[in-house]
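K.L.:
Starting off with a structure, shown below.
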Protein chains: 2
Amino acid sequence: MNKSIRELRLVAEASVLAIGLLMSSGANADDDLMRTAKQIFHPIPSVIPAVKDNPVTHEKVELGKLLFFDPRLSASEIISCNTCRNLGSGGVDAGPTSVGHGWKVGLRRAPTVYNAVFNAAQFWDGRAADLKAQATGPVQASAEMNATPDHVLDTLNSMATYVALFKNAFPNEARPVTFENFAKAIEAFEATLITPAAPFDQYLEGNTHALNDQQKSGLALFIEKGCSACHNGINIGGQAYFPFGMMKKPDASLLPAADKGRFAVTKAVGDEYVFRAAPLRNVALRAPYFHSGQVWSLKQAVALMSEIQLGAKLSDEEENDIVAFLNSLTGRVSKIEYPILPTRTNTTPKPSIDR
Amino acid sequence: MNKSIRELRLVAEASVLAIGLLMSSGANADDDLMRTAKQIFHPIPSVIPAVKDNPVTHEKVELGKLLFFDPRLSASEIISCNTCRNLGSGGVDAGPTSVGHGWKVGLRRAPTVYNAVFNAAQFWDGRAADLKAQATGPVQASAEMNATPDHVLDTLNSMATYVALFKNAFPNEARPVTFENFAKAIEAFEATLITPAAPFDQYLEGNTHALNDQQKSGLALFIEKGCSACHNGINIGGQAYFPFGMMKKPDASLLPAADKGRFAVTKAVGDEYVFRAAPLRNVALRAPYFHSGQVWSLKQAVALMSEIQLGAKLSDEEENDIVAFLNSLTGRVSKIEYPILPTRTNTTPKPSIDR
């Protein structure tokens, strides 16, 4: 059993809350559930959250949006951030894991970019502290965009429109077209990709009718059974790390032996097969599930989590209720105008599709 | 020399017009140029053009937009129409030729989808009579989306939102989710992808100041030298077929021996290495050039065309003037809201990335 102090605290908190919840009954049960939920979860704010060391400005967001959608920043010039973090399908690709440069297949399911700004750290193993650190990864990964910082900067510098947009976004810098600013602009755009106003947000803000009875039952189960010990906060997850298989080890198709999760980051033996608790916002939009992307049904995912993380077998009704609750986590996606990219010039680097 | 009757007629017309143009001078030269241009070219209309056998309705356009952007219609579920006909970069990909399923490399440069509705036929060899016929090609091509009609229909039928959208778009059909209607909806969306209001359109509509002097000089050259014999009409091309290398055969890097162009469609010996004259609308946005996609500079493309099609060597100034004119063909792209796709269900076919 691998438990951090934080994890134990969360489990303990949830247990206390759950006991309180189970003791209540009758007319006050609804009020108690809402009160308990408000202590464990938080609604998505209706304003763009602040980002550490990177004030979010309109200029950065507009630039970051172009960068996010520009495939020419990859070596092949056909893969953009949006290829695997498709904003039209929950911020993820079709899965199970991403296909990138040279048709290479990635090791893990693409985590969603929506609401990623609320996660404590980025990637399944938390190896990037924030979205600007995250943004420098896939663009260079050989099985993803396979580019170099030089390719990115040469491409951006070859188009006067991009250079002007960097000057606007970073007005106090003499030479603003840098790989760091590329990442900061993407982070600023991604900070805008929040999905407020889900039924569950409305519930947390006091509207008891925002959830139906089945969803409330699912919410109560989600707390009582212990799911919320790991899946809590604004993002209903994304805050801390836990072994995948706390009570029972999943089979190798779900937990491939070669991917030891957070161990690769910390080298701590206790972090073998430890992953960041998946943020569950919009989870209904994002099958297949888990880092290996092998479970295509949300109900099956709920049953599996209960079995391997909590050591409990849920009834069919309980599974359905929890799925109904998870469906209440689907929020509202902002409208995004598809960007018209700056036009390449004679000095823009040519695509390279070599594997 | 392979010339159809239509082609000969176009060349003859252009010669007559060019002679008239050369004879005029002084104060009336500007008027004559505009009068001549109006006979050869036509502005892009400001309304969506009608499409044969497929009335364009809002419902079809909205559905077609979703289909155009939905990668789940490909076998791998990561390639959409928009992957190679990127609406953010002139309706084409980075080139030289498209990369598709299994990282296979296509034989020809992706032709642009913008203003394609004005072409007499689709593809470099005109093998599709219209955009609905065209839309059934790439989705099935093994080096492109590599899907089957069954995959497309199973995917669409697995999502109630899609089924409802087909019912709305084809209200008089009992079973509207068909491969033919899939193609018709895409055609309807693509018919909206027109780019009116280029400086040259404004010029053709009577505003002599819409082109600067260099652009007018380039326009005059474009007519006089004979470019407009093939590149004319609304789309400044896209209307008829001509040998690539009428006066001089290009080298094999530009004209690979294996790709005999329209010969594959007609099996007529005279159609060997014959291609549809490229439509030149927005050409400045669409490097690299020609069906083989090996020429990255528009000026180089102009010089090459003059040499191999007209047997003429242009001066540096003439090349620059024609390029300036071609830059006046860049029109206004409509704003496109990035579509939020219907959510996959447990019955949606899974991706297949096998090569």
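K.L.:
Test of understanding: among A:LYS299, A:LYS335, which residue is in contact with a strand residue (DSSP E or B) (Cβ under 6 Å, 6 or more places away or on another chain), surrounded by fewer than 19 Cβ atoms within 10 Å (Cβ to Cβ) and within 14 Å of another protein chain (Cβ to nearest Cβ)?
P.N.:
Working: A:LYS299 fails: in contact with a strand residue (DSSP E or B) (Cβ under 6 Å, 6 or more places away or on another chain).
The match here is A:LYS335.
K.L.:
State whether one or more residues within region B:179-196 are over 16 Å from the mean Cα position of the chain (by Cα), part of a loop (DSSP other than H, G, I, E, B) and either among the β-branched types (Val, Ile, Thr) or over 28 Å from B:LEU254 (Cα atoms) (or both).
P.N.:
No: zero hits.
K.L.:
Still on this structure, please answer the following. Report whether or not A:PRO342 is in contact (Cβ under 8 Å) with a residue 40 or more places away in the chain, within 30 Å of B:GLY102 (Cα to Cα), in contact with an Asp or Glu (Cβ under 7 Å, 6 or more places away or on another chain) and not assigned by the TED database to the domain that holds A:MET246. Don't jump to the end; show me each part of the working.
P.N.:
Details: in contact (Cβ under 8 Å) with a residue 40 or more places away in the chain: yes; within 30 Å of B:GLY102 (Cα to Cα): yes; in contact with an Asp or Glu (Cβ under 7 Å, 6 or more places away or on another chain): no; not assigned by the TED database to the domain that holds A:MET246: yes.
Spelling it out, it is not the case that A:PRO342 is in contact (Cβ under 8 Å) with a residue 40 or more places away in the chain, within 30 Å of B:GLY102 (Cα to Cα), in contact with an Asp or Glu (Cβ under 7 Å, 6 or more places away or on another chain) and not assigned by the TED database to the domain that holds A:MET246.
K.L.:
Next question, about the same structure. Evaluate the following for B:GLY106: is it over 27 Å from B:ILE336 (Cα atoms) and surrounded by 22 or more Cβ atoms within 10 Å (Cβ to Cβ)?
P.N.:
no
K.L.:
Determine whether region A:244-257 contains at least one residue that is touching a residue at least 24 places away in the same chain (Cβ under 8 Å) and assigned to a helix (DSSP H, G or I).
P.N.:
The answer is no; no qualifying residue exists.
K.L.:
If you scan region B:78-109, which residues turn out to be more than 7 Å from chain A (Cβ to nearest Cβ), assigned to a loop (DSSP other than H, G, I, E, B) and of a type in the set (A, V, I, L, M, F, W, C)?
P.N.:
Answer for region B:78-109, where residues must be more than 7 Å from chain A (Cβ to nearest Cβ), assigned to a loop (DSSP other than H, G, I, E, B) and of a type in the set (A, V, I, L, M, F, W, C): B:ILE79, B:VAL92, B:LEU107.
K.L.:
Another one. Would you mind stating whether A:GLY270 is surrounded by fewer than 18 Cβ atoms within 10 Å (Cβ to Cβ), out of contact with any Gly (no Cβ under 6 Å at 6 or more places or on another chain), outside any loop (DSSP other than H, G, I, E, B) and not assigned by the TED database to the domain that holds A:ARG108?
P.N.:
Yes: the conditions hold for A:GLY270.
K.L.:
Something else: For region B:129-150, which positions are buried (at least 21 other Cβ atoms within 10 Å of the Cβ) and over 17 Å from B:VAL61 (Cα atoms)?
P.N.:
Correct list: B:PRO138, B:VAL139, B:GLU144, B:MET145, B:ASN146, B:ALA147.
Here is a yes/no grid of residues against (1) at pLDDT 95 or above; (2) more than 21 Å from the chain's Cα centre (by Cα); (3) under 30 Å from B:ASP354 (Cβ atoms):
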{"residue": "B:ILE40", "(1), (2), (3)": "yes, no, no"}
{"residue": "B:SER46", "(1), (2), (3)": "no, no, no"}
{"residue": "B:THR57", "(1), (2), (3)": "yes, yes, no"}
{"residue": "B:ALA75", "(1), (2), (3)": "yes, yes, yes"}
{"residue": "B:THR83", "(1), (2), (3)": "yes, no, yes"}
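Rundown of residues vs (1) buried (at least 22 other Cβ atoms within 10 Å of the Cβ); (2) at the interface with chain B (Cβ under 10 Å from one of its Cβ atoms), yes/no style:
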| residue | (1), (2) |
| --- | --- |
| A:ALA240 | no, no |
| A:ALA258 | no, no |
| A:ALA264 | no, no |
| A:ARG276 | yes, no |
| A:ARG281 | yes, no |
| A:THR330 | no, yes |
| A:PRO351 | no, yes |
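K.L.:
Right, something else. Name the residue that is nearest to the other protein chains (Cβ to nearest Cβ), counting only residues in region A:283-296 that are over 17 Å from the mean Cα position of the chain (by Cα) and of a type in the set (A, V, I, L, M, F, W, C).
P.N.:
Within region A:283-296, the subset over 17 Å from the mean Cα position of the chain (by Cα) is A:294-296.
Next, from what is left, pick out any that are of a type in the set (A, V, I, L, M, F, W, C): A:295-296.
Working: A:VAL295: 11, A:TRP296: 6 Å.
Step by step, filter region A:283-296, then rank; the result is A:TRP296.
K.L.:
How many of the residues making up region B:113-140 are assigned to a loop (DSSP other than H, G, I, E, B) and under 19 Å from the mean Cα position of the chain (by Cα)?
P.N.:
Result for region B:113-140: 17.
K.L.:
Another question, then. When you look at A:ARG344, is it surrounded by fewer than 19 Cβ atoms within 10 Å (Cβ to Cβ), in contact with a Ser or Thr (Cβ under 9 Å, 6 or more places away or on another chain), of a type in the set (D, E, K, R) and within 11 Å of chain B (Cβ to nearest Cβ), yes or no? Step through it out loud before you land on a result.
P.N.:
Numbers: surrounded by fewer than 19 Cβ atoms within 10 Å (Cβ to Cβ): no; in contact with a Ser or Thr (Cβ under 9 Å, 6 or more places away or on another chain): yes; of a type in the set (D, E, K, R): yes; within 11 Å of chain B (Cβ to nearest Cβ): yes.
No; evaluated as a whole, the condition is false for this residue.
K.L.:
Of the conditions (1) within 20 Å of the chain's Cα centre (by Cα); (2) surrounded by 18 or more Cβ atoms within 10 Å (Cβ to Cβ); (3) part of a helix (DSSP H, G or I), A:SER306 satisfies every one except a single condition; which number is it?
P.N.:
Unmet condition: (1).
K.L.:
Of all residues in region A:56-77 being part of a loop (DSSP other than H, G, I, E, B) and closer than 16 Å to A:LEU156 by Cα, which is nearest to the other protein chains (Cβ to nearest Cβ)? Walk me through how you get there before you give the answer.
P.N.:
Kept after step one, since they are part of a loop (DSSP other than H, G, I, E, B), are these residues of region A:56-77: A:56-57, A:70, A:74-77.
Narrowing the set further to residues that are closer than 16 Å to A:LEU156 by Cα leaves A:70, A:74-77.
Working: A:ASP70: 8, A:SER74: 9, A:ALA75: 11, A:SER76: 6, A:GLU77: 3 Å.
Here the residue is A:GLU77.
K.L.:
Could you tell me which of the residues A:ASP321, A:ASP251 is in the same structural domain as A:PHE222 (by the TED database), of a type outside the set (Ser, Thr, Tyr), under 19 Å from A:PHE200 (Cα atoms) and over 20 Å from the mean Cα position of the chain (by Cα)?
P.N.:
A:ASP321
K.L.:
Would it be correct to say that B:LYS167 is more than 30 Å from B:PRO243 (Cβ to Cβ) and either more than 13 Å from chain A (Cβ to nearest Cβ) or part of a strand (DSSP E or B) (or both)? Full working, then the answer.
P.N.:
Numbers: more than 30 Å from B:PRO243 (Cβ to Cβ): yes; either more than 13 Å from chain A (Cβ to nearest Cβ) or part of a strand (DSSP E or B) (or both): yes.
Against the criterion (more than 30 Å from B:PRO243 (Cβ to Cβ) and either more than 13 Å from chain A (Cβ to nearest Cβ) or part of a strand (DSSP E or B) (or both)), B:LYS167 qualifies.
K.L.:
When B:MET247 is evaluated against the numbered criteria (1) surrounded by 19 or more Cβ atoms within 10 Å (Cβ to Cβ); (2) aliphatic (A, V, I, L, M); (3) over 18 Å from B:ASP125 (Cβ atoms), which criterion, by number, is the only one it fails?
P.N.:
Only one criterion is unmet by B:MET247, namely (1).
K.L.:
Pull up region A:197-224, narrow it to residues that are in a helix (DSSP H, G or I) and charged (D, E, K, R), then point me to the one that is nearest to A:PRO149 (Cα to Cα).
P.N.:
The selected residue is A:ASP201.
K.L.:
On the given criteria, is B:ALA37 farther than 27 Å from B:LEU341 by Cα, more than 14 Å from every other protein chain (Cβ to nearest Cβ), touching a strand residue (DSSP E or B) at 6+ places or on another chain (Cβ under 9 Å) and touching a residue at least 40 places away in the same chain (Cβ under 8 Å)?
P.N.:
The answer is no for B:ALA37.
K.L.:
Here's a check for you: in region B:161-203, which residue that is β-branched (Val, Ile, Thr) and under 30 Å from B:LEU219 (Cα atoms) is surrounded by the most Cβ atoms within 10 Å (Cβ to Cβ)?
P.N.:
My answer is B:ILE194.
K.L.:
I've got another one for you. In region B:41-73, how many residues are among the aliphatic types (A, V, I, L, M), closer than 18 Å to B:GLY331 by Cβ and in contact (Cβ under 8 Å) with a residue 24 or more places away in the chain?
P.N.:
Adding up the residues that qualify gives 2.
The values are calculated or read from the model by the stated rules, or taken from the named source; none is laboratory data. This is a predicted model, so every value here is computed, not measured. FYI the Cβ positions are ideal-geometry reconstructions off the backbone, even for glycines, and counts take in every protein chain you see.
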